[in-house]
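Presented below is the structure to which this report refers.
The values are calculated or read from the model by the stated rules, or taken from the named source; none is laboratory data. Nothing here was measured: the structure is a model prediction, and the numbers come from that model. For neighbour counting, all protein chains shown are included, and Cβ atoms are generated from backbone atoms with ideal geometry for every residue, glycine included. Heads up: the accessible areas ignore ligands, DNA and RNA and are worked out on the full protein's heavy atoms, side chains in. Shrake-Rupley method; radii C 1.70, N 1.55, O 1.52, S 1.80 Å.
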Amino acid sequence: MTALHESTIATDELRPTRVEVDLDVLAENYRAIAAHVAPARVMPILKANAYGHGLVEVGRVVERLGAPYIGVAYLEEGLRLRQHGVRLPVLVLGGILGSQIPRFLEADLTLTASSVDKLRAIEEHAARAGRTATVHLKIDTGMERIGVHWYSAEMLLEESLRCRHVRVEGIFTHFANADARDLAHARLQLERFHETLGFYERRSLPPPLRHAANSGAIVQLRESHLDLVRPGVLFYGVRPTLEVAAAIPVRQALSWVTRVVYFKVVRAGQPVSYGGEWVAPAQTRVVTLPVGYGDGYARAMSGRAEVIVRGKRYPVVGRICMDQIMVSIGWDSAYNGDEVVLLGRQGAAGISIEEMAGWASTIPHEILTSINTRVPRVYRGGT
Ligand SMILES: *Cc1c(COP(=O)(O)O)cnc(C)c1O
């Protein structure tokens, strides 16, 4: 709490808008998922700045929790973890270019081999560098993003047995529809993945670490847990979609708060903000907050968003601007400096990431990853 207090003051001097991340909640979420999927293990997904929570800080917590692996999307995310001293194995899930391979080897990051050509390139680079590359093979079972199609996976697996400078540590696939109510396509993908894994059985070889489940599949498709699961949004305490009820007790770890920087009375009939789309129906008190779409507070939420002031919800009125929003508080009171909650809880009121996603007609993933780096992150707990 001391750390939070001090950094909050430091942030307030610069700008009152901030994201607060409770690292203890992330730890609880990790343990809840681990308990649910055991004996499978958990690889938290930290791509896109750990879904907006802060890559390095979350990486350190995940390491302290004793997780076996971290997953990220891009090479530079893995490099950043290494630069900040995170030693845990890191799998880069996304597609790669041959020119990136030496950087993977130097930083001891695990590569995704998504085609025979890429696997050969990894083998060649590793041989030249006198190193052993660690790879996970990527099988496309129906997402059609990256990976070898399940119907031609045998070539990749055979090639992997020939490699001398590559250690095939894992094999994985990714679901396109694991968060849907209808799981027929997810089940079909899992069946195709098992077909591919038959390769090892036929040769009496132990398969490498098998993984498939994202948040939707962790919650909905127990048979997909295999050796390792890859929770993203669930680790951050968000249900994958509103269709998927929370079967695992996770909580939102992130709050987004700001403070009132202006107070005024708007006369009846006066339009507010660009375009004048909202007109005060009666004389009303309006406060202005220093946050806008330039911070990731989506402009598409204009006319739908609400915030919490003094424990009560009020509507954002008029168009959301790049750096400011206006909130009508009726005839209630608020003062300059009052803390306002955009996401999270204040008193009995709360605004969830899922609800905000509804206002913006998007999914919680996009809400979290849209909160701009302009917004400072403040941490609580985690010791
Ligand atoms: C992003 C991602 C995940 C995590 O997805 P969530 O829906 O947030 O759980 C898992 N695996 C891969 C390959 C991903 O790209």
How high is the relative contact order of the chain, given as a whole-number percent (alpha carbon pairs under 8 Å, six or more residues apart)?
-> 18 percent
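Total Lys pairs in the chain closer than 26 Å by alpha-carbon, pairs eight or more apart in sequence or interchain only? List each step's numbers first, then the result.
On the way: K47/K118; K47/K138; K118/K138; K264/K312.
Lysine pairs, 8 or more places apart or on different chains, close enough: 4.
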Over region 39-236, calculate the relative contact order: mean separation of alpha carbon pairs under 8 Å at least 6 apart, over the residue count, as a percent.
-> 19 percent
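Report for the chain the percent antiparallel among DSSP-assigned beta bridges with both residues inside it, nearest 5. Could you put the intermediate results ahead of the total?
Values: 30 of 56 bridges.
The antiparallel fraction comes to roughly 55 percent.
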For L343, the residues 5 or more places away or on another chain with a placed amide H closer than 5 Å to its own amide H are W256
Residue-averaged [θ]222 nm for the chain, counting only DSSP H segments that reach four residues, each worth -39500 (n - 2.57) = -9500 deg cm²/dmol
Roughly what angle does helix 2-14 make with the longest principal axis of the chain, taking Cα atoms, 0 to 90 degrees, to the nearest 10?
-> 60 degrees
Furthest towards positive pole of dipole, V279, I353, Y335, structure part region 254-380, Cβ charges | Y335
A35 versus R345, label points 7 Å from Cα toward the beta carbon: distance in nm?
-> 1.8 nm
Taking only protein heavy atoms into account and a 1.4 Å probe, give the accessible area per residue of region 260-383 in Å².
-> 46 Å²
Mean Cβ neighbour count within 10 Å, used as a protection proxy, ranking 224-234, 283-293, 326-336 highest first = 224-234, 283-293, 326-336
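First check a/c for region 39-236, with a ≥ b ≥ c the square roots of the eigenvalues of its C-alpha gyration tensor; if it is under 1.5, answer rounded, and if not, answer prolate when a/b is larger than b/c or oblate otherwise. Write down the numbers at each step before the final one.
Details: a/c = 1.76, a/b = 1.03, b/c = 1.71.
In terms of gyration-tensor shape, oblate.
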Rg(Cα) / (2.2 N^0.38 Å) computed for the chain, rounded to two decimals = 1.12
Quote the FRET efficiency, to the nearest 0.05, computed for E13 versus M322 with a Förster distance R0 of 22 Å and r equal to the Cβ-Cβ distance.
-> 0.45
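Round to a whole number: what % of the accessible area of the chain belongs to carbon and sulfur, probe 1.4 Å? All intermediate terms of the calculation are to be shown ahead of the outcome.
Values: 8390 of 16730 Å².
The value for the chain is 50 percent carbon and sulfur by accessible area.
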